[in-house]
Amino acid sequence: MDKPWNQATLATWEMMVSKKKWSVCVIGAGPSGLVAARELRKEGHRVVVLEQKHDVGGQWLYDPNIEKEDPLGQTKFLDVHSSIYTSLRLLSPREIMGYTDFPFFVKEGPGRDPRRFPGHKELWLYLKEFSVHFGLRELIRFNTRVEYVGMLDGSCGGLKWVVKSRKLLKVATSSANYYDNNKEKVDEIGSDVGSEEVVVEEVFDAVVVANGHYSHPRLPSIKGMDTWKRKQMHSHVYRVPKAFQNQVVVVVGNSLSGQDLSMELAGVAKEVHISARSQNTLTEGFSTVISKYENLHLRPQIKSLEEDGRILFVDGSFVVADAILYCTGYTYSFPFLDTKGTVTVEDNRVGPLYHHTFPPSLAPSLSFVGIPRKIIAFPFFESQGKWIAQVLSGKRKLPSPDDMMHHIHQFYRQREADGIPKHDTHDIIHFEYCDMYADQAGFPHLEEWRKKMCLVALDNSYANLETYRDSWDNDELLQEALQSPHFTQQLGPIIT
């Protein structure tokens with residue numbers, strides 16, 4: 001049972017909250033880390049962003065160099081952060097993706113993708129332009145991997161954080177220049193020029209964790225996985241279908257990535273068998289795709305993997321396969337974070353977190369941005385960054401730690417009553433929650449056109465999986481968006 005805070009501890013906590021300007025370490029320069037850094041600097045905090053890769057973008061910084069990565073992604077610190085595959089296109093239209101004051105405009109020119117549902121490179125370019133426009137790059141230490149974040153008792157000065165990071169002084173340039181080269185050169189990338197490293201230890205008043213949640217594979221538990229000798233890999237390290245040419249492939253999971261990759265593999269593989277936990281959840285669009293391809297087959301859940309190469313399914317059928325591709329999602333992972341058990345990840349629930357952001361007993365000096373899923377991500381991350389920054393500067397107050405814990409327990413009980421499994425704790429789905437969150441951060445609600453456009457895209461994907469990105473009938477809604485204040489606003493000057 002959670003113990004109530006005594007008056008001395010509560011006084012220390014209130015003293016921490018009243019501090020106006022903080023030294024803050026932001027971990028990660030992806031979509032959530034970038035906008036958090038901007039909001040923190042707006043409030044006058046001293047911000048350092050630690051980014052393990054050579055550029056901004058996080059998940060959207062495509063990395064073709066997957067040769068050294070564990071195929072199942074089960075190492076503590078992954079070499080590869082991005083799970084983006086070469087052919088990936090956005091699931092949502094670009095109009096709803098942008099931060100509130102930096103629209104995701106169509107840009108013309110060499111290497112640009114003007115489509116409403118562009119490829120991944122276009123979103124990376126948008127994030128890079130965002131970082132330049134708001135002068136964020138000067139805050140970022142690239143090629144710097146965080147290896148340890150731990151509490152340091154500052155006594156009268158309140159809780160502080162020790163951050164140990166490893167800086168790569170020399171890095172391979174081939175992957176760094178990927179987006180500047182012809183896309184046909186994917187297989188040529190991967191040379192290693194060697195590196196030198198230096199470990200740095202620093203102390204910060206606060207830490208904002210923004211390392212994303214689409215990197216560490218979540219794997220099923222299947223009898224025989226450890227002894228099955230043929231190819232097994234998670235979609236985290238899938239990039240192109242070439243390696244599966246003329247093979248019999250079993251794709252585990254019919255999530256969005258499972259659907260995307262099944263369709264792509266059907267073009268090169270001898271057979272593709274999709275193992276779905278429940279066939280009742282198939283959308284009309286995916287059912288149509290399966291019926292269209294003769295070599296695409298739907299299978300039930302896997303019962304076991306046999307050493308002779310057979311994959312047995314729960315209905316008694318089997319297939320002899322060359323490879324298994326797990327499209328089974330990702331788990332939250334913070335291998336660097338030591339909170340002495342205060343913050344844990346159990347069955348993919350990160351907690352306890354007040355509104356998916358603050359751990360009550362460590363707030364506000366520790367916070368998380370980017371934990372929620374199934375949201376319109378960039379505006380939500382922006383509202384999180386604004387809330388954190390203003391709590392640190394004293395403009396906004398958090399409830400007491402006890403009150404925050406009470407709210408968290410109420411939230412857990414409500415999720416359970418609604419039949420939502422623990423591993424889906426951070427799946428938001430509802431726009432009402434996003435608007436409620438915005439209110440406590442002093443942030444504008446999502447525009448109605450943005451909400452409608454999101455729902456239309458989802459409905460279209462369910463009905464027309466193969467074509468929805470290039471065929472739509474919502475031009476009236478599109479014009480409403482393009483004529484809205486979001487797209488007609490004048491951008492502020494570039495910050496240098």
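Key figures
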{"quantity": "Restricting the range 432-450 to residues that are free of Cβ contacts under 8 Å to residues at least 24 places away in the same chain and open to solvent by less than 50 Å² (accessible area, probe 1.4 Å), the residue that is nearest to PRO372 (Cα to Cα)", "calculated": "TYR433"}
{"quantity": "Residue list for the range 46-95, restricted to those being hydroxyl-bearing (Ser, Thr, Tyr) and either in contact with a Lys or Arg (Cβ under 6 Å, 6 or more places away or on another chain) or within 27 Å of LYS231 (Cβ to Cβ) (or both)", "calculated": "TYR62, THR75, SER82, SER83, TYR85, THR86, SER87"}
{"quantity": "Residue in the range 116-127 that is part of a loop (DSSP other than H, G, I, E, B) and in contact with an Asp or Glu (Cβ under 6 Å, 6 or more places away or on another chain) present", "calculated": "no"}
{"quantity": "Cross-chain or 6+ apart pairs with Cβ under 7 Å, the range 79-98 first and closer than 19 Å to LEU465 by Cβ and touching a residue at least 40 places away in the same chain (Cβ under 8 Å), then buried (at least 23 other Cβ atoms within 10 Å of the Cβ) and of a type in the set (Phe, Trp, Tyr)", "calculated": "TYR85/TYR238"}
{"quantity": "Every pair of residues 6+ apart whose Cβ atoms lie under 7 Å, when the first sits in the range 309-334 and is surrounded by fewer than 20 Cβ atoms within 10 Å (Cβ to Cβ) while the second is acidic (Asp, Glu)", "calculated": "LEU312/GLU306"}
{"quantity": "Residue that is at pLDDT below 95 and either over 30 Å from LYS20 (Cα atoms) or open to solvent by less than 60 Å² (accessible area, probe 1.4 Å) (or both), where the choices are LEU159, LEU152, LEU125, LEU136", "calculated": "LEU159"}
{"quantity": "Among the candidates ARG112, ARG145, residue that is part of a loop (DSSP other than H, G, I, E, B), at pLDDT 95 or above and not small (Gly, Ala, Ser)", "calculated": "ARG112"}
{"quantity": "Of all residues making up the range 96-109, the number that are touching a Lys or Arg at 6+ places or on another chain (Cβ under 8 Å) and not aliphatic (A, V, I, L, M)", "calculated": "1"}
{"quantity": "Pairs with Cβ under 9 Å, 6+ apart, first in the range 269-286 and assigned to a helix (DSSP H, G or I), second open to solvent by 10 Å² or more (accessible area, probe 1.4 Å) and of a type in the set (Val, Ile, Thr)", "calculated": "GLY285/THR467"}
{"quantity": "Matching option when the condition is at pLDDT below 95, more than 30 Å from GLY258 (Cβ to Cβ) and among the hydroxyl-bearing types (Ser, Thr, Tyr), among SER165, SER175, SER131, SER195", "calculated": "SER195"}
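Conditions (1) modelled with pLDDT under 90; (2) of a type in the set (D, E, K, R); (3) surrounded by fewer than 16 Cβ atoms within 10 Å (Cβ to Cβ), marked per residue:
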site: GLU14; (1), (2), (3): yes, yes, yes
site: LEU50; (1), (2), (3): no, no, no
site: LYS53; (1), (2), (3): no, yes, no
site: GLY58; (1), (2), (3): no, no, no
site: SER83; (1), (2), (3): no, no, no
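The values are calculated or read from the model by the stated rules, or taken from the named source; none is laboratory data. Model, not experiment: these values are computed from the prediction. Reconstructed Cβ throughout: ideal geometry from the backbone, glycine too, with neighbour counts over all protein chains shown. Quick note on the areas: whole protein, heavy atoms, side chains included, nothing else; ligands and nucleic acids left out. Shrake-Rupley method; radii C 1.70, N 1.55, O 1.52, S 1.80 Å.
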